[in-house]
Amino acid sequence: MFHFVPAWYHPERTWYDKTSVWYRRAAGMDFDDTINHVKMFQYIDYQSSLLILNYMPNLRYFLHRYDLFEQDYYAIFDVIQNTESVRGTRFDFKQLNWSKKTRFIYTPFAVIAKEGDQKIAQLEFGQDGQLIWIDFFKESHLDKTFVFDDRGFLSSILERDESGIPYLQTYFDAKGIWVLKESLVENESKVVINESQKDRFKKLVYQDLTELIIEKCQDYYDKVVEKDDTLIYAYDKRHQAILANIFSNHQKLVSVFSLRNKKEDFENQKHLLDQNQLIICDHLNLTKKLETITKTKVEHLSPFDTRLSLGKSQHIKESIVYFVMDGLDDAQLSKSIDNCYQAMLKDSMIEIVFVSYERDYSKRMMAYQFLEKTLAQFSEEFMHLEEQQLVSFEIIDAEEVKPRVAYHYLESELDVIKYLNQARLIVDLSETPDLYTQIAGISAGIPQVNTVSSEYVEDRKNGYILEDISQLKDAFSFYFDGLANWNQALVYAVQKINDYTGGNLVARLLAKSKE
């Protein structure tokens, strides 16, 4: 059996949930190496299980989002809270003990609960519309937060002082009985177990959550893990030493992922890296760095996201270009737009969708305003900017000229997938092309235009590497003047994905780990 340990952690609070409200996503993409590797093993029906170390009350929704809902998992906090066997039920927030004077106001973002003119609570929802928590207010300051499990029960209560700073979190079972209390006061951290639950724990007071998680992780090892099992875990300092100690007598493969790990993460970690039989890495630069640090073999492996559809854009008559604006200065963007314009004059089927992943609102608005100003200099109506339209081309009057340029701000990889499903070509001319966009492009068989070489894009095979932005119009001609070159990129992707889904990559990894 293969045991996978992900690093789906909160960026600031160790072992805590990283779920965010639907309208304020955390920076970065959620797709990662563990999702990629679990799916590789699923395709060839190898028995595997996810070991979730941290608190994730919305775990089921998270797994569903990545087509992993049927995946076996062992969640440490389900064991702690005694909720392993709880099944999901429908939950109506109005069933909570609200005052008869409470009225609910439905806004585009959240639900506000008021008594008279006084705001008493704000109900927040996740990406899939599920209630994730309720913030309660006392005399206008945030007093406490009720955190809900996606199976339909109150999971924990986070209490705050008058300044809004959390000082205590109480975790419950599905019946509403408190199981443990975690002190969040700096330098006073400790975990207290309800005496009624003492038969399920070795102690009633723990130094911190880490000590408790180690205990339950050891229980998992003792009860579930067999002699010939293999551990495949994401590289993360929060669990490196824990797993190395508990799984010391088992084969271990550790995965390094460039969206999570940086070169400095490996400083003074040689002793832990050396304990693995194989290191899997998605980026060549990190691979080379690791090879200078550890004696453990390092295998480069590009990830794929199988939620994308291969070759879907060939059924759309328009040639839609997915253009990533981020990382370009005004001069580069202006030059790029001029090249797009020249190509669009030559080919009336070309549509440009400018996208941005920039989380900083002011930076994003500056780039958008520059784009709008630059496009306004063109007299042709097709260069007018069409906002907030999912590249759907409605029937219009024969004499009407439809805009062929759009702009969208994308928050998650699900947004990226939605727009790439209709794209014929990806353009990212920054010095550091967005990694997830490259992964998605390969997964969908979409050729990519870059200005730098990378392990993801091979010139004239599945992409076009420009020496100068002025060559952009040549890249358009390369892929849009006939289908031969575009089809070559599609075939390249099919071959890569066949390796991914057919078990070839898994076989290679396991063979390498035993050399």
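Points worth noting:
- Single match in I350, I280 (criterion: among the hydrophobic types (A, V, I, L, M, F, W, C), closer than 17 Å to A423 by Cα and either at pLDDT 90 or above or surrounded by fewer than 21 Cβ atoms within 10 Å (Cβ to Cβ) (or both)): I350
- When V147 is tested against (1) in contact (Cβ under 8 Å) with a residue 40 or more places away in the chain; (2) among the hydrophobic types (A, V, I, L, M, F, W, C); (3) over 23 Å from Y61 (Cβ atoms), only condition (3) is not met.
- Taken as a whole, the condition of being more than 13 Å from Y73 (Cβ to Cβ), assigned by the TED database to the domain that holds A75 and either part of a helix (DSSP H, G or I) or among the hydroxyl-bearing types (S, T, Y) (or both) applies to H37.
- Residues in the range 297-322 that are of a type in the set (D, E) and out of contact with any strand residue (DSSP E or B) (no Cβ under 6 Å at 6 or more places or on another chain): D305 alone.
- Q130 meets each of the listed conditions (1) touching an Asp or Glu at 6+ places or on another chain (Cβ under 6 Å); (2) under 18 Å from R13 (Cβ atoms); (3) polar (S, T, N, Q) apart from (2).
- Of all residues making up the range 447-463, the number that are acidic (D, E) and in contact (Cβ under 8 Å) with a residue 24 or more places away in the chain: 2
- Scope the range 24-82; condition small (G, A, S) and farther than 25 Å from L308 by Cα; matching residues: A75
- Where strands (runs of 3 or more DSSP E) fall wholly inside the range 124-201, the ranges with 1 or more residues that are buried (at least 17 other Cβ atoms within 10 Å of the Cβ) and under 29 Å from the mean Cα position of the chain (by Cα) are 131-138, 141-149, 153-160, 166-172, 178-183.
- Taken over the range 305-326, the criterion of being crowded, with 17+ Cβ neighbours inside 10 Å and either at pLDDT 90 or above or assigned to a helix (DSSP H, G or I) (or both) is satisfied by S313, S319, I320, V321, Y322, F323, V324, M325, D326.
- Of the residues making up the range 469-481, none is under 25 Å from F31 (Cα atoms), in the same structural domain as E358 (by the TED database) and free of Cβ contacts under 8 Å to residues at least 60 places away in the same chain.
- Conditions (1) more than 23 Å from D282 (Cα to Cα); (2) in contact (Cβ under 8 Å) with a residue 12 or more places away in the chain: number failed by V416: (1)
- Only one of R103, R60, R90, R65 that is farther than 23 Å from G164 by Cα, among the basic types (K, R) and in contact with a helix residue (DSSP H, G or I) (Cβ under 8 Å, 6 or more places away or on another chain): R65
- Scan of the range 482-509 for residues that are closer than 17 Å to I44 by Cα, in contact (Cβ under 8 Å) with a residue 60 or more places away in the chain and surrounded by 15 or more Cβ atoms within 10 Å (Cβ to Cβ), ordered by number: K496, I497, Y500, T501, G503, L505, V506, L509
- Across the range 276-299, the number of residues qualifying as out of contact with any Ser or Thr (no Cβ under 9 Å at 6 or more places or on another chain) and of a type in the set (V, I, T) comes to 5.
- Lone unmet requirement of (1) within 30 Å of F247 (Cα to Cα); (2) in contact (Cβ under 8 Å) with a residue 24 or more places away in the chain for A174: (1)
The values are calculated or read from the model by the stated rules, or taken from the named source; none is laboratory data. Being a predicted model, the structure only gives us computed values, none of them experimental. Neighbour counts run over all protein chains shown; Cβ positions are idealised from the backbone, glycine included.
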